[in-house]
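Just so it is clear, none of the values below were taken in a lab; they were calculated from the coordinates. Predicted model only: the values in this text are computed from it and were never measured. Don't worry about glycine lacking a Cβ; one is built from the backbone with ideal geometry, like all the others, and counts go over all protein chains shown.
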Amino acid sequence: MNILAIDSALNNSYIAFLHNGKTITQTIESDENYHSLYLISKIKETMQKENMLFDNFDAIAVNTGHGSFTGIRVALTVAKIMAQELNLPLIPLNTTEILLDAYEADYLVMDARRDMYYIGDKKETKLILKNDFKISDLNGKIVTDKRLKDICENKNLICFEEENKDIAKTMLKIAQEKLNTQQDFNYLNVRANYIQTPPVF
């Protein structure tokens, strides 16, 4: 089983290849979140280096969000075009399941801006107003971003932006599990998982 997985919904971009039993992962750090400048070129560069051909792939996986509105669209557009042109299944992943699995956590809490948090567990992710949320209400291991870590002291709090977990490898693991369920992963059915409406400027 050969899979390409991509993610540009978070602060960094992640690319992962499962190819002929070999796992290759790459994290693209970008302080300015310019994912669109690097994603396609890094995919191409890695494939050339490893002598990969798109014809050899069985599926593509993509993080559909939540996260950066622009970042979600970048990876999703690339993945949809590839899935369409190569006639491959497109496996939707989401930020909550990726981070909970990577950090073996019970909850995900992220700053959603506009005075809201994303709160997620293995069942669902929802938006909650900051004034309606107390982190002490969550019993278990929590993965979060720098913004929440900076304002909260909690021994069970892990900042995914400061830890070196291989998020790309986790994406491949989840994609394999989903592909084995034999669901119909048609690219036409894959949508961005914004949760909240994108801001209008």
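Using only Cα atoms, find the angle between the long axis of helix 35-49 and the longest principal axis of the chain, and express it within 0 to 90 degrees, rounded to the nearest 10.
40
Starting with the fewest neighbours, write out S41, S8, S68 ranked by other beta-carbon atoms found within 10 Å of each beta-carbon.
S41, S68, S8
Cut-off 10 angstrom, C-alpha nodes, Gaussian network model of the chain. Which of D137, D101, D111 fluctuates the most?
For the chain, modelled as a Gaussian network with Cα springs under 10 Å, the answer is D137.
Normalised by the number of residues in the range 58-162, what is the relative contact order in percent for Cα pairs under 8 Å and 6+ residues apart?
20
Please give the per residue volume of the convex hull enclosing the alpha carbon atoms of the chain, rounded to a whole number of Å³.
Once divided by residue count, the hull of the chain is 129 Å³.
Among K22/K173; K146/K178; K22/K44; K42/K169; K123/K149, which pairs are too far apart, with a Cα-Cα distance over 19 Å?
Beyond 19 Å between Cα atoms: K146/K178; K123/K149.
If I take every Cα pair under 8 Å that is 6 or more residues apart in the chain, average their sequence separation and divide by the length, what percent do I get for the relative contact order?
For the chain, the relative contact order is 23 percent.
Please report, to two decimal places, log10 I(q)/I(0) for the range 96-159 at q = 0.17, 0.20, 0.25 Å⁻¹ as given by the Debye formula with identical point scatterers on the Cα atoms and no solvent.
-0.50, -0.71, -1.14
Give me M1, M110, M82 sorted ascending by neighbouring Cβ count inside 10 Å, so fewest comes first.
M1, M82, M110
Please order R113, R73 by the number of other Cβ within 10 Å, starting at the fewest.
R113, R73
Can you give the % of DSSP beta bridges in the chain that are antiparallel, to the nearest 5?
Beta bridges within the chain, antiparallel portion: roughly 60 percent.
To the nearest 10 degrees, how steep is helix 69-86 against the longest Cα principal axis of the chain, on a 0 to 90 scale?
20
Could you tell me the relative contact order of the range 38-89? Use alpha-carbon pairs under 8 Å, at least six residues apart, and round to a whole percent.
38
With everything on Cα atoms, drop me the angle between helix 167-179 and the longest principal axis of the chain, reported from 0 to 90° to the nearest 10.
The angle comes out at about 70 degrees.
Enumerate the aspartates and glutamates that K165 could reach by cross-link, defined here as Cα to Cα under 17 Å, with residues fewer than 8 away along the same chain left out.
Leaving aside aspartates and glutamates fewer than 8 places away in the same chain, those within reach of K165 are D7, E29, E97, D101, E104, D106, D145.
Return the calculated 222 nm mean residue ellipticity for the chain, to the nearest 500 deg cm²/dmol, obtained by summing -39500 (n - 2.57) across DSSP H runs with n ≥ 4 and dividing by the residue count.
That comes out to -9500 deg cm²/dmol.
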